[in-house]
Amino acid sequence: MMNAYEEYMKQLVVPMRQELTTAGFTELTTEEEVQKYMESTSGTTLVMVNSVCGCAAGLARPAVTQSIVREEKTPANLVTVFAGQDKEATAAMRSYFNGYEPSSPSIALLKGQEVVHFIPREDIEDHTMEDIMNNLGKAYREFCS
């Protein structure tokens, strides 16, 4: 049974989830979905570790969605997990981020199952949206076809 706090949080994050899914991201909400995705993926994948914080809302989500529109070369796949909401899915995805500390929000570019570029919270917070988009664009040009 869901308590009032859980129900409130579930409803609060709906627009935060939709911002990414509307832009073409596939939301992975369970550990099983993450494992199934990662076992079958090929090419490049942009993973947005979503969060309720202000830097996710004002910087990370807009930067990833706009970078996909702006850049010629972009990842073949777009997926998202929601830290603090879908805890098992987030933990499962983070298990592929070898050498990187858990960070919310964060953005990872994977080639197959290997992280080739990672943007932790400290490279989102106190940066401009343009900085983050430029960071992503450089990674797309290097790793995406």
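Remarks
- Scanning the stretch 91-108 turns up one or more residues that are free of Cβ contacts under 8 Å to residues at least 24 places away in the same chain and among the hydroxyl-bearing types (Ser, Thr, Tyr).
Here is a yes/no grid of residues against (1) loosely packed, with under 12 Cβ neighbours inside 10 Å; (2) more than 18 Å from the chain's Cα centre (by Cα); (3) within 18 Å of Asn77 (Cβ to Cβ):
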residue: Glu6; (1), (2), (3): yes, yes, no
residue: Met9; (1), (2), (3): no, yes, no
residue: Val13; (1), (2), (3): no, no, no
residue: Met16; (1), (2), (3): no, no, no
residue: Glu27; (1), (2), (3): no, no, yes
residue: Glu31; (1), (2), (3): no, no, no
residue: Tyr37; (1), (2), (3): no, no, yes
residue: Thr41; (1), (2), (3): no, no, yes
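- Where Tyr140 falls short, out of the listed (1) more than 25 Å from Val13 (Cα to Cα); (2) open to solvent by 30 Å² or more (accessible area, probe 1.4 Å): (2)
- Test: residue in the stretch 6-20 that is in contact with a Cys (Cβ under 6 Å, 6 or more places away or on another chain), at pLDDT 95 or above and either among the polar types (S, T, N, Q) or under 13 Å from Asp86 (Cβ atoms) (or both): no
- Any pair with Cβ under 8 angstrom, 6 or more apart, that starts in the stretch 116-133 at a residue that is farther than 16 Å from Phe97 by Cα and ends at one that is of a type in the set (Asp, Glu): Ile132/Asp123
- Within the stretch 64-86, residues that are farther than 13 Å from Phe25 by Cβ have Cβ atoms under 6 Å from residues that are open to solvent by 50 Å² or more (accessible area, probe 1.4 Å) and part of a helix (DSSP H, G or I) in these pairs: Lys73/Arg141, counting only partners at least 6 apart in sequence or on another chain.
The values are calculated or read from the model by the stated rules, or taken from the named source; none is laboratory data. All values derive from a computational prediction rather than experimental measurement. For neighbour counting, all protein chains shown are included, and Cβ atoms are generated from backbone atoms with ideal geometry for every residue, glycine included. Surface accessibility is based on the protein's heavy atoms, side chains included, excluding ligands, DNA and RNA. Shrake-Rupley method; radii C 1.70, N 1.55, O 1.52, S 1.80 Å.
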